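Comments concern the structure below.
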Amino acid sequence: MNNEAFSSLEGISVQVENPELETGNFQSILMEIKFSLEQLLEQKKSHIIDLRAMPWSPGEEHKLEKYLGKGEVHIELDALGKSTFYETSYSGIWVVTHYSEDGAVIAKAIEITYMPEMVFSQDEEIKDSLERFEKL
Amino acid sequence: MNEQTLFELLQQQGVSRRGFLKYCTALTSLMALPASMIPTVAHALESARRPSVIWLSFQECTGCAESLLRSHSPTIEGLIFDHISLDYQHTLQAAAGDAAEHAREQAIKDNYGKYLVVVDGSIPLADPGYSTIAGMSNLDMLNETLTGAAAVIAVGTCSAYGGLPQADPNPTGAVSVSSLVKDKPVINVPGCPPIPTVITGVLAHYLTFGSIPELDSLGRPKVFYGQSIHDRCYRRPFYDKGLFAETFDDEGAKKGWCLYRLGCKGPMTYNACATLKWNQQTSWPVESGHGCLGCSEPDFWDAGSFYNALSIPDGDYTRAAGYAVATGVVLGAAVGFTNQKTKATAAAQHTNVTVDDFSLNKKNK
């Protein structure tokens, strides 16, 4: 199987020929995001929406990403394949995509948070860093 | 049971903490659990040990094993497979001959009471000679292997419900695993073949939590088979509006309207194709323009033509649709009931597929 061919397909922008062909999830997710933003501000509570857990019509997911736009912060992580984190044009709303080592999307989510948890340095590894410094 | 934990194994492979969290995130999504469960999954996996798995292939076409083994390594499915101890799979070990059989016996002995058995294919009872492995009948091998098993996962419709071998007239007397196994938990993972992520999702659940997932009345994990294809279909809004493709090349088909009248079995089929999709989530049958065949349901081969609608949405449908204004669930249930009845009638009459069923100009009855 040529995985590169699959990956490169994602680079082709999808144009929906029939705007009627929508599941209605687009509107539902916008409502969930709005509610989660309120929770983030008032209760400091983060929320993750797994985009792989719901049905989409062709191009509908792309429409959501286009609607949210891209903001100022883009982060790339290299662990078990690439992961990308970018804040959308709406502050506090992040799009997180995890790829396998051959470039296939293995998880995709919208995170409503100040900063996706995985970006922070992890305590276990900070301890390891300290031990290495102590040996210097 | 391998004494090394999954986390230790990943660490040895140079996987960072972030990599581990990423693995847990993908796994949580794979198991269709809410994202809030990621820390729980991470915590469980830190101490999870690799389970021993014995995979038995009986009357099958190897499509189920292909579905999983040909999935795109090194995706999360590949990683899961790295983290179970697959001690026996005779299709893969055929060249090993007698040594493979000893490996199975050794795995049973070493992991007694803890190992998982995966079965693909049905078991012939009419004459054991229809399917044997190393001179042993499928029934004998199943019974012997199950003695110390913690649970059985019946992968594919043949194993879960008898499938193609059991279709009328069932010359081999094929039966499902669950019709034979009464003293162990049996998890049915039907599909022809099942979605690879569903197979690995079930393995991942056991790996993570050490237990079997919640099952429906047909023994299927609710997390993957809890909703019908129809209810999760992106073409559902067209069904609700009464807009149907009548042939595979008419305007309705081109506009992506509902495929119900072309024989789609989505309303009576419970599976995760509409969300998990196939081939790295590229597409799934309905998105590719073909109705669902209902391959994860019992007796789907004997339910009449794949191209005849189970019930036509202008008879009982109209009445059901009236109720649907109040609740879509009622519509699903009402049409589902009509479909089940039609399916039972088709099965009883054993309607054969004719060349007319493939005609693009056919009229629905």
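Among the listed pairs B:Lys22/B:Lys184; A:Lys66/B:Lys241; A:Lys34/A:Lys70, those with a Cα-Cα distance over 24 Å are B:Lys22/B:Lys184; A:Lys66/B:Lys241. Straight-line cross-link reach from B:Lys109 at under 14 Å between alpha-carbon atoms covers these aspartates and glutamates, not counting any fewer than eight positions away in the same chain: B:Asp87, B:Glu101, B:Glu144.
Taking every DSSP beta bridge that has both residues in the range B:2-225, what percent is antiparallel when rounded to the nearest 5? Don't skip to the end; give the middle numbers.
Numbers: 8 of 27 bridges.
Close to 30 percent.
Taking other Cβ atoms within 10 Å as a rough exposure proxy, B:Ser176, B:Ser211 sort from fewest to most as B:Ser211, B:Ser176.
Please give the average number of partner chain Cβ atoms lying within 10 Å of the Cβ of each residue in B:133-143, rounded to a whole number.
Mean inter-chain Cβ contacts per residue within 10 Å come to 0.
Between B:Phe209 and A:Leu41, what FRET efficiency comes out of the Förster formula 1/(1 + (r/R0)^6) with R0 = 25 Å and r the beta carbon distance, rounded to 0.05? Plugging the Cβ-Cβ distance into 1/(1 + (r/R0)^6) gives 0.15.
Report the Rg/Rh value for the range B:2-225, based on alpha-carbon coordinates and the Kirkwood definition of Rh.
Numbers: Rg = 17.3 Å, Rh = 17.8 Å.
Rg/Rh for the range B:2-225 comes to 0.97.
Taking the average, over residues, of other Cβ atoms within 10 Å as the packing measure, peptides B:99-108, B:274-283, B:185-194 rank B:185-194, B:274-283, B:99-108 from highest down.
Loop-only check: which GluC sites (Glu not before Pro) in the range B:210-291 are DSSP coil with at most 15 other Cβ within 10 angstrom? Walk me through the numbers before you get to the answer.
Numbers: sites: B:Glu214, B:Glu246, B:Glu251, B:Glu287; in loops: B:Glu214, B:Glu246, B:Glu287.
Here the GluC sites (Glu not before Pro) that fit, given the DSSP loop and packing criteria, are B:Glu214.
Once you average over the residues of A:101-111, how many Cβ atoms of partner chains fall within 10 Å of each Cβ? Mean partner-chain Cβ count within 10 Å for A:101-111: 5. Taking the Kirkwood radius as Rh and the Cα radius of gyration as Rg, the range B:174-231 has a ratio of Rg/Rh equal to 0.97.
Rounded to the nearest 0.05, what FRET efficiency do B:Ala99 and A:Met31 have when you use their Cβ-Cβ distance and R0 = 51 Å? Provide the component values of the computation, followed by the final result.
Working: r = 60 Å, r/R0 = 1.17.
The formula returns an efficiency of 0.30 here.
Here is the list for the range A:29-123: trypsin sites (Lys or Arg not before Pro) lying in DSSP coil, each with at most 15 other C-beta atoms within 10 angstrom of its C-beta, are A:Lys44, A:Lys45, A:Lys70. The alpha-carbon atoms of the range B:166-278 define a convex hull whose volume equals 142 cubic angstrom per residue.
Compute the Rg to Rh ratio over the range B:202-243 from the alpha carbon atoms, using the Kirkwood formula for Rh, and round to two decimal places. Intermediate results must be reported in sequence, preceding the final value.
Working: Rg = 15.0 Å, Rh = 12.3 Å.
Result: Rg/Rh = 1.22.
Legend: ranking of residues A:Met54, B:Met141, B:Met268, B:Met136 from fewest to most surrounding C-beta atoms inside 10 Å; resulting order B:Met136, A:Met54, B:Met141, B:Met268. Taking a straight line from the alpha carbon of B:Lys222, these aspartates and glutamates sit under 13 Å away, with near neighbours fewer than eight places off in the same chain left out: B:Glu214. Here, P(r) means the percent of Cα pairs in each 5 Å bin from 0 to the largest distance; for the range A:22-134 it is 2, 11, 18, 21, 19, 13, 8, 4, 2, 1, 1, 0.
Since every read-out is calculated from the coordinates, none of them should be taken as a lab result. Since this is a predicted model, take the numbers as computed values, not measurements. We place every Cβ from the backbone using ideal geometry, glycine too, and count neighbours over all the protein chains shown.
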